[in-house]
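Written out below as structure tokens is the structure these notes cover.
The values are calculated or read from the model by the stated rules, or taken from the named source; none is laboratory data. Remember, predicted model here, so these are calculated numbers, not experimental data. Here Cβ is always computed from backbone atoms with ideal geometry, including for glycine, and neighbour counts include all displayed protein chains. What goes into the accessible areas is simple: the full protein's heavy atoms, side chains included, and nothing from ligands, DNA or RNA. Shrake-Rupley method; radii C 1.70, N 1.55, O 1.52, S 1.80 Å.
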Amino acid sequence: MTKNVFVLLFLVFTLSALAFAIPEVQVSLSATTATVTTKLYKYSVDLKEGVLQNEYSVFYENVHSWENTGDGLVLYYEGKPLIPSGWTISPTGSGTFHTKSNVTLNFFYNVNGSRIEKSVTFVNNPDYEVTVSVKAPKDMTLSLTFPTLESNFNRASGDIFGSYYSQKGIVTFSSLSNGTFSNDGIATFSGNLDAKIYMGPVKNTLIFSVFPQKYDVISNLIGTYPGSEPWYSWFMYIFVAFLNWLYDLTGNYGWAIILFGVIVRVVLYPLFHVQLKSMLKMRDLQPKIQELQRKYKDPKKQQEEMMKLYKAEGVNPAGGCLPLLIQFPILALLYYVIFYSREVFAYNPQFLIWNDLSVGGIKENIVLLLLIVIFTLWSSLWTSTKPSQAWLSAGLSAVMEFIFIGFPVGLFLYYTTFSGMQVLTSYVAAKIYHMKGITWRELFGMNPKVQWGDKKWKKHSKPKV
């Protein structure tokens, strides 16, 4: 039986790692405009002018982050903008169509009998990546404008250009294979050019996926943008890198999140252990506390006697709160790590019944919500002295999780794992400290289960004929 279970788990693990659910790209073509919409952004391209017009971040509630003001990849020769003589698109299509591949728009120019080609590729990945290439005669000097956000946050460093939008926390970085940038985002070059553009939130893991060789330069540029990253970002990136390592190990962010939750729970177990010991001591003192409450009606005198009792028994009434306070900022940071990774969740291979770990809602999270409530109820059995306490814990858990039902599946998956590990750690603690708690039958108001050989069973059993 055990062997079959392991085989089944292995098959589920393998299939979820191999089942890819790459989001589609929607392309809408009209006589004058091409609109390319990926899972993360929507770009509009003027086909007659051959330039980018607008960019919207559809992943973050359709935020309008950029509009062309002469910086939309406009190609210049001798100070004059070039107008394309024609264009093509790859993959080919008409009207509105969908694809899972990258989308490339090619624009063709004729300058003094020479042919120039500019290609703009919208990459279907979680890195907000756009690539640009220009093919021109070697002796021809051209200029190309790159997207800028706020002029006072424009930064140029040789072949790297950056700009920042402080109100929306968006940054754009561009790199060149040939040529140099001016401080207003204009690249000057001769002959062929290859360039990359990132325009999205300030997330180092995504930025450096596009520019892996430019870490030092771009890190310095980010450091000049006030408020672009939280003060604890250096610490957060350690956990982000660890989560990405688990993804590399498992091939699926669903399994990576589960392992992440298990490891975090194991690491935090000592704090839970301290908290549990304090709670058990307080529970053992309840009869004496109730006696003091009956004996002393004056609140001040009652409090004094309780403090004497705590001191005599060596119990700190706040001992269970301190480990909880230490855990809270850690858990808050880990939740933020999950939120931080939403883009890569959107491009994650399918995990079990979920195609997209970046979305939320009742339909997507209801199964996980029910599991969390069941796990909370289950772990409360060992620490509760009466059914109402366990039901209260489960009820509070259900209300809290329902409030946040719109959060990404990835976050709910993490908390479900954490809650499941809570059951295991509570069980271990119950065995160590011989905690009785309550049973499932008592929880539902049923009589204790009659065991074989029990006197009650013998009393009610039929006599042999």
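So, by mean Cβ neighbours within 10 angstrom, what's the order for 411-419, 257-265, 214-222 with the highest one leading? Don't jump to the answer; show the numbers that get you there.
On the way: 411-419: 24.0, 257-265: 20.1, 214-222: 16.1.
Per-residue mean Cβ counts within 10 Å order the peptides as 411-419, 257-265, 214-222.
In region 118-158, whose amide N lies under 14 Å from the spot 7 Å out along Cα-to-Cβ of SER190? List them in ranges.
Flagged as within label range: 136-143.
For LYS100, go through the aspartates and glutamates and keep the ones whose alpha-carbon is under 14 Å away, minus same-chain ones fewer than eight residues off.
Once the sequence-local aspartates and glutamates are set aside, what remains near LYS100 is GLU24.
Sorted by accessible area with a 1.4 angstrom probe, largest first, how do THR205, THR145 fall? Let's see the in-between values first.
Numbers: THR205 45, THR145 10 Å².
Ranked from most to least accessible, the order is THR205, THR145.
So, taking all protein chains as they sit and a 1.4 Å probe, how much accessible area belongs to SER28, in Å² rounded to tens?
The accessible area of SER28 comes to roughly 30 Å².
When only C-alpha pairs under 8 Å and at least 6 residues apart count, what is the relative contact order of region 23-143, in percent?
That works out to 21 percent.
Mind ranking HIS98, HIS64 by accessible surface for me, highest first, 1.4 Å probe? List each step's numbers first, then the result.
Values: HIS98 105, HIS64 65 Å².
Descending accessible area places them as HIS98, HIS64.
Pull out the extension gain between GLN293 and PHE97, defined as 0.36 nm times the separation in residues minus the alpha carbon to alpha carbon distance; nm, one decimal.
Values: separation 196, 0.36 × 196 = 70.56 nm, distance 7.44 nm.
The span from GLN293 to PHE97 would gain 63.1 nm if fully extended.
Ordering SER182, SER174 from largest to smallest accessible area (1.4 angstrom probe), what's the sequence?
So, going from the largest accessible area down, we get SER182, SER174.
Simple spin-label model, 7 Å along Cα-to-Cβ: VAL262 to LEU333 in nm?
In this crude spin-label approximation the distance works out to 2.4 nm.
Want the number for TYR232 to PHE402: 0.36 nm per residue separation, take away the alpha-carbon distance, what's left? Could you put the intermediate results ahead of the total?
Values: separation 170, 0.36 × 170 = 61.20 nm, distance 2.88 nm.
Using 0.36 nm per residue and subtracting the Cα-Cα distance, I get 58.3 nm.
Non-local amide H neighbours of LEU149 (under 5 Å, H modeled in plane, Pro and chain starts lacking H): which ones?
TYR164
Return the FRET efficiency for the residue pair VAL111, LEU370: r is the Cβ-Cβ distance, R0 is 60 Å, and the value is rounded to the nearest 0.05. Before the final figure, lay out each step's value.
Working: r = 65 Å, r/R0 = 1.09.
Efficiency at R0 = 60 Å is approximately 0.40.
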